[in-house]
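Presented below is the structure to which this report refers.
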Amino acid sequence: MTYKGRLLLNAPFDWLMNAGFDIITIFPEMFSAYLGESILKRAAQKGLLDVKLFNPRDFTTDKHRTVDDYPYGGGAGMVMKVEPIYKALDSIKADGRDRLTIMMSPQGKQYTQGMAESLSREARRVVIICGRYEGIDERVRESLVDEEISIGDYVLTGGELAALVIIDSVARLVPGVLGDDDSVKEESFSWGLLDYPHYTRPPEFMGMKVPDVLLSGNHKTIWKSRRREAIKRTLLKRPDLLEKVSLSREDIEILNELGSNRNAAESRGEEDESDTCN
Ligand code: 9D3
């Protein structure tokens, strides 16, 4: 039997690099469609992503398998009961291993790429509790949850889609999930900036041409032009991002150039060419 020394050397750290999720949801089928296709499907086949689904309904004892009930104090809608969720979590924790427990909730901390990165480095398996109806009995959050996460300020019908957002964003950061390392390298090139524009064949479509520089084969010039386009787009569409990003001296030169072009054009009362960036 042959083995590569490098693999042997890395083996003790492999477990750190996988993503494992235990999802508590009354709609487990919602996950299969998304996780059963494309990149995440392949990640699961390679053992890099493991998602297990737990339905609170399977942890009920009454004839109707009740997972919700009327709110104490009255009001609209139903509330998810505590016992079925407690029992689902208990069965997940039966192996005695430590877990990070997250609850998806509109009241949670707003999810960011930074949180995705920290979850991708998390050594523990991650439990995600998904709510439906008007909410979950408060005692779940009080006694069972480490972190409450929202994916943004808009209203969904439940936590399932939000949980998939987390799984998707974490899984792609696990080494080996994306086909090649190039996309990760490109992310560090563009870190904190918007993407540069992309083109593929044909070189001309309905009169719209691919920029000549991309056809030149001069990689140094191509990357300089892409960096410039990324900075230009960020300045126009998300100037807030430029506050946080670390820029090279060359970047700052580009930025000054773009800024002064615009100021010059404005003072001439013109529409700036660099503003026509869709
Ligand atoms: C009027 C009170 N509503 C809160 C905004 C009730 C309510 C609406 C929708 C309670 C739960 C939900 C379902 N949403 C989630 O479970 C959810 C969610 C979301 O709606 N937006 C962004 N992130 C998330 S994470 C979980």
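Laboratory data are not the source of any read-out in this text; all were calculated from the coordinates shown. Keep in mind that what you see is a predicted model, and the values were worked out from it rather than measured. All Cβ positions, glycine included, derive from the backbone under ideal geometry; neighbour counts span all protein chains shown.
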Review point. Fully extended, how many nm does the chain gain between GLU83 and VAL210 (0.36 nm per residue separation, minus their Cα-Cα distance)?
Key: 39.8 nm
**Study point:** For the chain, the longest site-free run once trypsin sites (Lys or Arg not before Pro) in DSSP loop states with at most 16 other Cβ atoms within 10 Å are removed
**Key:** 125-267
Exercise for review: For each pair in LYS46/LYS109; LYS209/LYS237; LYS109/LYS244; LYS224/LYS244, compute the distance between the two Cα atoms and list the pairs where it is over 25 Å.
Suggested key: LYS46/LYS109
Review point. The chain: Rg/Rh from Cα coordinates, Kirkwood Rh?
Key: 1.08
Review point. What is the antiparallel percent of DSSP beta bridges lying wholly in the chain, to the nearest 5?
Key: 15 percent
Study note, to complete from the structure: Cβ-Cβ cut-off under 10 Å around PRO28, Lys and Arg +1, Asp and Glu -1: the net charge is -1
Study note, to complete from the structure: Here the membrane-span-like helices of the chain, with no claim about any membrane, defined by DSSP H, Cα axial extent at least 18 Å and mean Kyte-Doolittle at least 1.0, are none
Practice item. Tell me the GluC sites (Glu not before Pro) within region 57-161 that lie in a loop according to DSSP and have at most 15 other beta-carbon atoms within 10 Å. Key: GLU122, GLU134
Exercise for review: Can you tell me how much longer the chain between TRP191 and SER248 gets when fully stretched, taken as 0.36 nm per residue apart minus their C-alpha distance, in nm with one decimal?
Suggested key: 19.3 nm
Exercise for review: Post the alpha-carbon centroid distance, region 169-213 to region 226-265, in whole angstrom.
Suggested key: 19 Å
